[in-house]
Amino acid sequence: MALIATESLTKTYRGGVTALADLTVVVEPGIVGLVGANGAGKSTLIKILLGLLPPTSGQVRVLGLDPTTQPDRVRARVGYMPEHEALPPDLSAAEFVTHLGRISGLPRTVARERASEALRHVGLYEERYRPVGGYSTGMKQRVKLAQALVHDPDLLLLDEPTNGLDPAGRDAMLALIHRIGTEFGISVLVCSHLLGEVERICHTLVAIDGGRLLRADRIDAMTSATDVLAVEVSEGTEELAARLAALRLPVRREGRLLLVELADDDTYDQILGAVAELDLPLHRLDQRRHRVAELFATREPSHV
Amino acid sequence: MSESTGVIHDIGYQRYTGPRLGRGPVFGALYLHGLRTVFGFGRSAKAKIFPWLVVGIVIVVAAVVAAVRSQIGQVVITYAQFADTMSWLIIFFVAVAAPELVSRDLRSGVLPLYFSRPLARSDYPLAKLLSLVTALWLLLGGPQLVMFLGAAFTLEEGPRGVWNELLDLLPGLLYAGLWAAVFGAIGLLVAALTGKRAFAAGGIVAVFLMTTPIVGILAILPSQTINELAFLASPMTMVNGVGTWALGDLLFERGEGLPIGGLGPLYAFAAVLLVAGCVVLLLARYRKVATR
């Protein structure tokens, strides 16, 4: 069963602003990255998935349920971590997460147990009894994640979970999300405007821009075919290019570099052989893993 | 003994397969949380000062009234009059409690966490309203119970006297309920409009304060109908008007009630309309807030 499926999903706000335009996408369970610039429609999509906003037209299914007609059943199985500050400063994390667990329908004692478990999983221990107002940004983000986890959802919707964190905090948060998605058996949709960040932990990537789908695919499908070798020689670049072309290797020029698609390990040998035969000074030869960003780089930016 | 090796095992993440409660218990959890919030439970010591100061005042007043009555045998304040006497204290209590219940959540951005859960949109404001009304009713009704107990143990008329006291107490408690509903509904609606607690508190006091002079002006206009309708202009005098009509001499000495003529039922109707109107506006407000 698909985790999330939309069909021609369109959302137009009053005043004529189109947030989502004819979005059709199907994602399978796992860690899903939803990337797009600010204003691309990520938050609107999340609100529609939660049944908080009705779509203008089109179909949407979350965990096989329709959030427009069964919002309660969807929300019971989904955990949501909002982008913005969302914690009352005067309550302790333990008390607050317990309370929200009860709002999700957990019995009192279960809510308390699961709250401290959830807080432990995100890495908050004794500090959970202190008021949230005194927490660092990183700790607050963890509490927000814990409250999304407390009722044991089947799907987590995380809106910019690394917002406001320093590099170390970002790495820790991404590692945590990766653990939730792989070890806990919970599917995760991570929203981010930073492609380089989500591509490290995602199985599937959905890119939207201006409310339209750019691309949705499994991340290995996106990157595996695009590994290339970068070859740089101090002189004789033209000769080498001609020689490699004669060896039926697909070669591209990029400045002083020659880019050769990496088919298998023989490619290395062929290139080294060619360089040796021509007696050229080899500057460097390294494998370049295409960043997913390059897959979108050719698109014109739709707005500035 | 051999079992306890002192090693903590990380048993990893546990899925939850137990029961998930429905709308009723969830509403109850939110309601109780609100009631605790009003009295500062589960919050800092600072948050407990004001509510418990007010609780202290009303209980002491009730105890003194009961003591005076047992000593000199005269009723200083009837049960129903107690609510009227305490009305300004209650207004300040509402001005502190209502922003605590709703403005704080608006401000801190907590609401998306509520509305992304299987909680009906209307349940959040209704549970908060019920918490506030309950708190106010306890504040006005609890001391009446103290007065009743004081009277019941000192009366010399036996069971019949206690029964008569009870018949006086019950209308007093109902009247306290009316106060609680009117004050709670208005206070929560005003507080739900802003995330700034100071603004909310000021707004609530202003609603009650500013409407009182209007009553004064309308009451001296040269028209008997307008004079009799004048007390509708302020929530406090409106409730007084309902009391005059429904409770009569339990609330006022004969002939001393508000001069509302035969318009008593209209006052009762207006009070119901006011509360219903506030609830409708409150629900509309949260329908809008929930989609943000």
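Rule-based calculations on the coordinates, nothing more; no lab input. Predicted model only: the values in this text are computed from it and were never measured. Ideal geometry is used to build each Cβ from the backbone, glycine not excepted, and the neighbour counts take in all protein chains shown.
Considered as an equivalent ellipsoid built on the Cα gyration tensor, the range B:23-290 has semi-axes of 33, 25, 16 Å, the largest given first.
Taking Cβ atoms as reference points and 11 Å as the exclusive limit, the residues near residue B:131 contribute a net charge of +1, counting Lys and Arg as +1 and Asp and Glu as -1. Database remark: amide H of residue A:288 closer than 5 angstrom to the amide H of A:228, A:229, A:230 (H placed geometrically; neighbours at sequence offset of 5 or more, or on other chains; Pro and chain starts carry no H).
Sequence-ordered 3J(HN,Hα) estimates for the range A:209-220 from the Karplus curve with 6.51, -1.76 and 1.60 and θ = phi - 60° stand at 8, x, x, 10, 6, 8, 6, 9, 6, 6, 5, 5 Hz, glycine and proline given as x.
Over the residues of chain A, the helix contribution to mean residue ellipticity at 222 nm works out to -10000 deg cm²/dmol, using -39500 (n - 2.57) for each DSSP H run of at least 4. Computed from Cα atoms, the angle from the helix B:264-290 axis to the main principal axis of chain B rounds to 20 degrees. Rounded to the nearest 10 degrees, the angle from helix B:197-219 to the longest Cα principal axis of chain B is 20 degrees. This ranking places A:11, A:42, B:288 by how few other beta-carbon atoms lie within 10 Å of each, fewest first, which gives B:288, A:11, A:42.
Annotation: amide H-H contacts under 5 Å for residue A:215 (H modelled 1.01 Å from N, sequence separation of 5 or more, or interchain): A:207. Binning all Cα-Cα separations of the protein assembly as shown at 20 Å, short to long from zero, yields these whole-percent fractions: 17, 37, 26, 13, 5, 2, 0. Overall shape: rounded for the range A:228-288, with the ratio a/c of the largest to smallest alpha carbon gyration tensor axis below 1.5.
Note: relative contact order over the range A:228-288, using C-alpha pairs below 8 Å and six or more positions apart, is 55 percent. For the peptides A:112-121, A:248-257, residues were scored by their other Cβ atoms within 10 Å and the scores averaged per peptide; the highest-first order is A:112-121, A:248-257. Bridge orientation summary for the protein assembly as shown: considering DSSP beta bridges with both residues in this region, about 65 percent are antiparallel. Counting every other Cβ atom within 10 Å of each residue's Cβ, A:173, A:81, A:139 order from fewest to most as A:139, A:173, A:81. The relative contact order of chain B comes to 22 percent, based on Cα pairs under 8 Å that sit 6 or more residues apart. Per-residue mean of foreign Cβ neighbours for A:105-111 is 5 (Cβ atoms of other chains, 10 Å radius). For chain A, modelled as a GNM whose springs connect Cα atoms under 10 angstrom apart, the maximal fluctuation among A:167, A:55, A:131 occurs at A:167. The translational diffusion coefficient of the range B:170-292, from Stokes-Einstein at 10 °C and 1.306 mPa s with a Kirkwood hydrodynamic radius over alpha carbon pairs, comes to 102 µm²/s.
For the range B:7-126, the convex hull spanned by the alpha carbon atoms encloses 225 Å³ per residue. Note on chain A: Cα convex hull, mean projected area over all directions, 19.6 nm².
Rounded to the nearest 20 debye, the dipole size of the range A:228-288 about its Cα centre is 260 debye, using +1 on the Cβ of Lys and Arg and -1 on the Cβ of Asp and Glu. Ellipsoid fit via the Cα gyration tensor, the range A:128-280: semi-axes of 46, 17, 14 Å, each the root of five times an eigenvalue, largest first.
Restricting attention to chain A, close to 65% of DSSP beta bridges with both partner residues there are antiparallel. Our summary gives the range B:100-185 a relative contact order of 36 percent, counting only alpha carbon pairs under 8 angstrom and 6 or more residues apart. For helix B:159-192, what angle does its Cα long axis make with the longest principal axis of chain B, in degrees from 0 to 90 and rounded to 10? Roughly 60 degrees, rounded to the nearest 10.
Across the range B:35-46, computed HN-Hα scalar couplings (Karplus, 6.51 cos²θ - 1.76 cosθ + 1.60, θ = phi - 60°) run 5, 5, 4, 4, 8, x, 6, x, 10, 5, 4, 4 Hz from first to last residue, x flagging Gly and Pro.
If you take the Cα centroid of the range A:23-41 and the Cα centroid of the range B:213-258, the two points sit 63 Å apart. Scan around residue A:23 for amide H atoms under 5 Å from its own, H built in the peptide plane at 1.01 Å from N, and keep only partners 5 or more places away or cross-chain. Excluding prolines and chain starts, which carry no amide H, the hits are A:8, A:9, A:10.
Work out the charge dipole of chain B with +1 on the Cβ of Lys and Arg and -1 on the Cβ of Asp and Glu about the Cα centre, then indicate which of B:198, B:273, B:116 is farthest towards its positive end. Comparing the listed Cα positions along the dipole, B:116 ranks first. In chain B, helices alone account for a calculated mean residue ellipticity at 222 nm of -24000 deg cm²/dmol, with every DSSP H run of four or more residues adding -39,500 (n - 2.57). Put a dot 7 Å past the Cα of residue B:163, heading toward its Cβ, do the same for residue B:71, and the two dots end up 3.2 nm apart. The Cα atoms of the range B:129-224 define a convex hull whose projected area, averaged across directions, is 9.4 nm².
Going from the residue with the fewest nearby Cβ atoms within 10 Å to the one with the most, A:7, B:100, A:238 rank A:238, A:7, B:100. For the range A:222-271 and the range A:55-119, what is the separation of their C-alpha centers, rounded to whole Å? So the two Cα centres are separated by 52 Å. Across the cross-link table entries A:47/B:46; A:144/B:196; A:11/B:196; B:46/B:128; A:47/A:144, which are compared at the Cα atoms, the separations over 27 Å belong to A:47/B:46; A:11/B:196.
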